[in-house]
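The values are calculated or read from the model by the stated rules, or taken from the named source; none is laboratory data. What you are looking at is a predicted structure, and each value in this text was computed from that prediction instead of being measured. As a convention, Cβ positions derive from the backbone with ideal geometry for all residues, glycine included, and neighbour counts pool all protein chains shown.
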Amino acid sequence: MGEDAMKLLILSDIHSNMDSLEAIMEQEPDSDEIYCAGDLVDVGFRPQDVVHWARSRNVVCVQGNHDRLVVETYRSGLHLQDVPPAELTWPILNARWLDEASIVYLESLPERVDFEIDGAAYSMQHMYNGYETIVCYSEFKSYWSRQTGEKYRDNPRKRLIFGHTHRQSVTYLDNECLWLNPGSVGYNRPDDPSNETHYMTIMDGRIEMKRLPHKNNMSRDELRRRFAELYRK
């Protein structure tokens, strides 16, 4: 490892799941910088704690579609209404649990962040095109050019970071150009039956995919059951 190399913690799709986030931070306390590819909130029980964590640790974060949805719900005033239990949704509950400062923070998150660390150039955004992924070098090159312009033209090591799909992966389009997805901190898709929290670390350019089992993590089905038990009575 290079003398001045930094340890990056790469997260995405936290979805108000502070329990899983705390488990990651216990596992990776030596992280120098933390990046999140969006969806801090929604579909979970502790949005205020997650936003406070992101703000207090100066996490570099982009805005996800669920972040926007919760902000829109808050600004619409729907969370203030006496909504019947059968019509309650995660965005309404998350909007109720967030204060104005947290909403302003979520509103202020950029759609994209570009940065260069340890000789590699990165561009991070929540999603590529819905649930589609980049499948060839020419597509990668075109997208990178649209996103970053001439900023990192002379750097051959180009890396895109996406979230949204909740599917952890690293895909090489050639030896130096790749896109990666750290997976979901909050919950996994139905086609991933594991009950593990997913994230990545990057140190001196080396990417490591991490899968962390812990006792407080909940599957999507468990989240739905807990939601129904507490709020759909």
Meets criteria (among the aromatic types (Phe, Trp, Tyr), surrounded by fewer than 20 Cβ atoms within 10 Å (Cβ to Cβ) and touching a Phe, Trp or Tyr at 6+ places or on another chain (Cβ under 6 Å)) for Tyr128 | yes
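Please find, among Tyr152, Tyr143, the residue that is among the hydroxyl-bearing types (Ser, Thr, Tyr) and touching an Asp or Glu at 6+ places or on another chain (Cβ under 9 Å). Talk me through it step by step, then tell me what you get.
Values: Tyr143 fails: touching an Asp or Glu at 6+ places or on another chain (Cβ under 9 Å).
Exactly one residue qualifies, and that residue is Tyr152.
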What about Asn17, is it of a type outside the set (Val, Ile, Thr), in contact (Cβ under 8 Å) with a residue 40 or more places away in the chain and surrounded by 20 or more Cβ atoms within 10 Å (Cβ to Cβ)?
-> yes
Examine region 82-96 for a residue that is closer than 23 Å to Met218 by Cβ, among the aromatic types (Phe, Trp, Tyr) and in contact (Cβ under 8 Å) with a residue 60 or more places away in the chain, and state whether such a residue exists.
-> yes
All positions within region 189-198 that are touching a Ser or Thr at 6+ places or on another chain (Cβ under 8 Å) and surrounded by 14 or more Cβ atoms within 10 Å (Cβ to Cβ) = Asn195, Thr197, His198
If we scan region 210-227, do we find a residue that is modelled with pLDDT of 95 or more, within 23 Å of Asp13 (Cα to Cα) and exposed (fewer than 15 other Cβ atoms within 10 Å of the Cβ)?
-> yes
Just one of (1) surrounded by fewer than 24 Cβ atoms within 10 Å (Cβ to Cβ); (2) out of contact with any Ser or Thr (no Cβ under 8 Å at 6 or more places or on another chain) trips up Gln48, so point out which.
-> (2)
Is there a residue in region 57-73 that is buried (at least 16 other Cβ atoms within 10 Å of the Cβ) and more than 21 Å from His164 (Cα to Cα)?
-> no
